[in-house]
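Working notes, beginning with the structure itself.
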Amino acid sequence: MDQAAFSSRKYLFVRLLVLYHIVILPIILLGLYLYTWSYNNAREEISRHTSIQLNSYLENLNREMEWMEGQQYDLLQENDLRKIALTWDTMDIVEKKSSLNYFVNRLTSIKNTSAYIKDIYIHIPTINKTLSALHAVQDFDQSKYAFNFNNRAKYQPISLLDKTLSLIVANMSRDIDGEPIYSVEIALDDKKLEQSLESINMYEESEIFLLSDDGDMLWSSNEISPDFLQKYLNIILEGQDDNSNIITIEGDKYHFDHAYSEQRGVFIVSYLPEDMVKRPLSIFKNWFWVFSIFTVVAIVIYSYFTYTLVHRPLLLLIDGFKRMENGRLDTPIEHEKEDEFGFLYNRYNKMLAKLKLLIDRDYKQTLMVQKAELKQLQSQINPHFLYNSFFILNSLAKTEDTERIELFTNMLGEYFKFITRSEKNLVPLVEEIRHARMYTEIQNMRFSRRITVKFDELPKELEQIKVPKLIVQPIIENAYKYSLERLSDHGVLSVSFDKRGHEVAIVVEDNGGTISDDEIAALKRRVADIEQEQELTGLVNIHRRIVLTYEKGSGLFLTRSALNGLKVKVRIILKESYKDV
């Protein structure tokens, strides 16, 4: 090998290494970009979805509160309530009792209508009574009543008084002390409100809470740390109007989202640890770096061993072919290798010795025949079928069913006798169908309870048609292997025959239903493309042999079966003398 040739080839190898890096580098950069994009997109998606949830919660809460307020104002407009407050002393005992019972029942009905009402009260200072849905008639608590009104500096839709969330509306009429003559108070159920927040909480480590305009905590999904509340209030007081904020508390970042209801004067706030957003992506990030490092190391190792174990030995072989191209058939490759390349070198040397004695056409034909015979031999004995056959024999032997053992072994012998006989490429159709029927009977020994076989009789006039060997049984074998064996329900296999003029049809179909229309279409394209160079196995092998043997239009045709499985039609267009194709 001269130095110039070596330098040129070495340069090609360097270009191959550069190409590897050019391919890998964009993948690594794309991974970094995807990580950044996924992180930002995840944050935006979480924020968007959370905002929708928070606003939806506020809308539902507002509708519930409006209904409660409507009930309160309906009670304030009751003439009987005004009558109790102003003319109590003039009413007799029966009338008093009847009026009080009416309002207690009314309060109970309202309470039972909403899950968020803990209790509902009517405070009537003029008669020193408080009516309640839970406690009926109680003595009026003047100190608590005065505390509630004195501490309501301004109107608040939801009041936090004495650690109780309440909706309070009062009659416009006032007594001499300036207090309303009666009022209606709805005490909200803290537990139910907290549970309502839990129902919209999408993440295990996320928390949700509600704040009033004054910054008072109304209720939350869980107990909130004062630090979290104070930090968030500081953000609001600083005038940051963005609905999404990243706040650092004790070194940890939290993702905050909030929504505001002007009608109720409340904020609903949700926060989620930033690590929760990054957690799925952190796994991706770690594996990405592992992949990158592994890829680089693999490229280096692969490049070295490729050059040493593959590239350089190939150069020797290339040099040998160049010498052969120049007519130097007396210069074999000298080597001491005992591996695959040693085998190739030995065969190359033998080829040089024989090449002078062979005619190109005879050599090609011999090579094609050898390849076809090898393919045929490989496709004849299916290990899966052989294992199952031995399993059936084992089962029959354990039951000492000698008659079925004899029957099964005879069938198995006939089966292998047919597929191993190689003296003829064409056989009568009756023998091919007999072999296919033998295969179904063997399979029936295994699947008699699960699979029903409908095998029509071969018409007499078709028995002596010469056909390529093994064109029906492999189709049936495919139906068992890829369809019927996988069924949980009862399977059906149908084999039928038809002859119209010079056209003979053999139809194999099943009810497997496991193959899609797209898969059938792809299989049809692969079978029909006989010009494409691909491995001659299975249906493709059968189709090509039929196309090469018979008239135009012959071959395999695949469609959806009426049984909802795959339908394979073997179409044979016969010549004028169809018995001797």
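Among the residues of region 516-530, write down those that are assigned to a loop (DSSP other than H, G, I, E, B) and more than 25 Å from GLU432 (Cβ to Cβ).
Let us first name the residues in region 516-530 that are assigned to a loop (DSSP other than H, G, I, E, B), namely 516, 529-530.
Once the filter is applied, which keeps residues that are assigned to a loop (DSSP other than H, G, I, E, B) and more than 25 Å from GLU432 (Cβ to Cβ), region 516-530 yields SER516, ASP529.
Does region 455-494 hold any residues that are assigned to a loop (DSSP other than H, G, I, E, B) and acidic (Asp, Glu), and which are they?
Going through region 455-494, the residues assigned to a loop (DSSP other than H, G, I, E, B) turn out to be 456-459, 463-465, 469-472, 483, 487-490.
If the condition is that a residue be assigned to a loop (DSSP other than H, G, I, E, B) and acidic (Asp, Glu), then ASP456, GLU457, GLU463, ASP489 are the ones that fit.
Note on region 434-451: among residues that are free of Cβ contacts under 8 Å to residues at least 40 places away in the same chain and open to solvent by less than 20 Å² (accessible area, probe 1.4 Å), the one that is nearest to THR399 (Cα to Cα) is GLN443.
Could you tell me how many of the residues in region 109-128 are more than 19 Å from GLN77 (Cα to Cα) and open to solvent by 60 Å² or more (accessible area, probe 1.4 Å)? Walk me through it before giving the result.
Residues of region 109-128 that are more than 19 Å from GLN77 (Cα to Cα), as a first pass: 112-119, 128.
Right, trim to open to solvent by 60 Å² or more (accessible area, probe 1.4 Å) and you get 112-113, 115-116, 118, 128.
Selection size over region 109-128: 6.
Inside region 466-495, can you point out the residues that are over 18 Å from ILE515 (Cβ atoms) and touching an Asp or Glu at 6+ places or on another chain (Cβ under 8 Å)? Correct list: LYS466, VAL467, LYS469, LEU470, ILE471, VAL472, GLN473, VAL495. When region 90-145 is filtered for residues that are in a helix (DSSP H, G or I) and hydrophobic (A, V, I, L, M, F, W, C), the ones remaining, listed by number, are ILE93, VAL94, LEU100, PHE103, VAL104, LEU107, ILE110, ILE127.
Going through (1) under 17 Å from LEU188 (Cα atoms); (2) surrounded by 14 or more Cβ atoms within 10 Å (Cβ to Cβ); (3) of a type in the set (D, E, K, R) one by one, ARG106 falls short only on (1).
So, in region 417-433, of the ones that are open to solvent by 40 Å² or more (accessible area, probe 1.4 Å) and of a type in the set (D, E, K, R), which residue ends up modelled with the highest pLDDT?
As a first pass, look at region 417-433 and keep what is open to solvent by 40 Å² or more (accessible area, probe 1.4 Å): 417, 420-426, 431.
Right, trim to of a type in the set (D, E, K, R) and you get 417, 421, 423-424, 431.
On the way: LYS417: 80, ARG421: 70, GLU423: 62, LYS424: 69, GLU431: 91.
Applying the filter and picking the extreme gives GLU431.
Filtering region 446-454 for residues that are modelled with pLDDT of 80 or more, in contact with a strand residue (DSSP E or B) (Cβ under 6 Å, 6 or more places away or on another chain), among the aliphatic types (A, V, I, L, M) and not in a helix (DSSP H, G or I) leaves a non-empty set.
So that you can scan it fast, the table gives a plain yes or no per residue for (1) modelled with pLDDT of 85 or more; (2) over 22 Å from GLN263 (Cβ atoms):
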| site | (1), (2) |
| --- | --- |
| ILE93 | yes, yes |
| LEU107 | yes, yes |
| ILE124 | yes, yes |
| THR130 | yes, yes |
| ALA133 | yes, yes |
| GLN142 | no, yes |
| PHE147 | no, yes |
| LYS154 | no, no |
| ASP162 | no, yes |
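For region 43-73, filtered to residues that are of a type in the set (A, V, I, L, M, F, W, C) and open to solvent by less than 30 Å² (accessible area, probe 1.4 Å), the residue that is farthest from GLY265 (Cα to Cα) is ILE46.
The values are calculated or read from the model by the stated rules, or taken from the named source; none is laboratory data. Note that the coordinates shown come from a computational prediction; the quantities given were computed from them, not determined experimentally. Methodologically, a virtual Cβ is constructed for each residue, glycine included, from the backbone with ideal geometry; neighbour enumeration extends over all protein chains shown. In case anyone asks, the SASA skips ligands and DNA or RNA and just uses the protein heavy atoms, side chains included. Shrake-Rupley method; radii C 1.70, N 1.55, O 1.52, S 1.80 Å.
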